[in-house]
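Read through the structure below, which is laid out as structure tokens, and then see the notes.
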Amino acid sequence: MIDVSYEFEYNESPSVLMEYLSNPENWVKYFKPAKKMEKIGPDEWILYLHWFKTVKSKLTRVISNNESEFIITSLGWPKFKMALKTYVLPSGNMTKVRTEFIYDGPLEGTSKKEMEEAYKTIAINLNADIKKYCEDNKCYSKEKDHNEKVFNNVSIKGLKIYEMKTVLKKEIQKSELDKILDQALIDSIDKDVVVIIENGNGIVRFHFSNGDLVEKEGNLDALGNTLKVLVKST
């Protein structure tokens, strides 16, 4: 039986790496024996591998928060079982990726050599491949903060809300909201202050300027008791 591990570090976020690496269809180009895949279920594929003959196998995927595992079992002769485990973990300003390859079957030497070649290919090409993948699938936009995504086209005197200074960002009870709005009104005497409130059911925005409420959007009564509040100021 073979059990080998490799580690990489990338400057992509963990969620982007996890999205890319947990899809077995993105691995086919790195592993030469993999010739074709057919998806047969949400987490199941038929995988065709070629050594001295083409072997039909079944790939099953198991995903947790920061780990994916591909379990590959041959459906004919020769009999073998493989597993590819990928762990994606934050590591300072980088993201660490650890892959573990387990193989139980004939041709162990050949399988180990092919995995080593796959590792070298990944090390050289993965950064460029992920950037291309994210351009095609817009996964970078999925990483944006929720409030930025909602309000990035809203301007106050030509200034984007997400460019304003964050004064407060916290979860509160609805009973605490009046105090926060009163303070925002006071703070707006010589500046613009925006209060954004949301709880998953909707969003409400208050814009205070020169000590007055100049704009309000949304229905506060439609929100529940537990709220997320973001206060921004010029």
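Taking region 1-20, which residues are part of a helix (DSSP H, G or I) and buried (at least 17 other Cβ atoms within 10 Å of the Cβ)?
At the first step, the residues of region 1-20 found to be part of a helix (DSSP H, G or I) are 14-20.
Listed by number, the residues that qualify are Pro14, Val16, Leu17, Met18, Glu19, Tyr20.
Give region 21-51 a look and list any residue that's part of a loop (DSSP other than H, G, I, E, B) and open to solvent by less than 20 Å² (accessible area, probe 1.4 Å), or say none.
Ser22, Pro33
State all residues of region 198-219 that are in contact (Cβ under 8 Å) with a residue 40 or more places away in the chain and out of contact with any Lys or Arg (no Cβ under 8 Å at 6 or more places or on another chain); if no residue qualifies, say none.
Ile203
Give me a count of the residues in region 18-31 that are of a type in the set (A, V, I, L, M) and modelled with pLDDT of 90 or more. Can you show your working first?
Here is the first cut: in region 18-31, the ones of a type in the set (A, V, I, L, M) are 18, 21, 28.
Pick out the ones that are also modelled with pLDDT of 90 or more and you get 21.
Residues flagged as of a type in the set (A, V, I, L, M) and modelled with pLDDT of 90 or more within region 18-31 amount to 1.
Take region 208-231 and flag every residue that is closer than 18 Å to Glu176 by Cα, open to solvent by 20 Å² or more (accessible area, probe 1.4 Å) and not small (Gly, Ala, Ser).
Across region 208-231, the qualifying residues are Asn219, Leu220, Asp221, Asn225, Thr226, Lys228.
The values are calculated or read from the model by the stated rules, or taken from the named source; none is laboratory data. This is a predicted model, so every value here is computed, not measured. Note that we place each Cβ from the backbone using ideal geometry, even for glycine, and neighbour counts take in every protein chain shown. Keep in mind that these areas ignore ligands, DNA and RNA; they rest on the heavy atoms of the full protein, side chains included. Shrake-Rupley method; radii C 1.70, N 1.55, O 1.52, S 1.80 Å.
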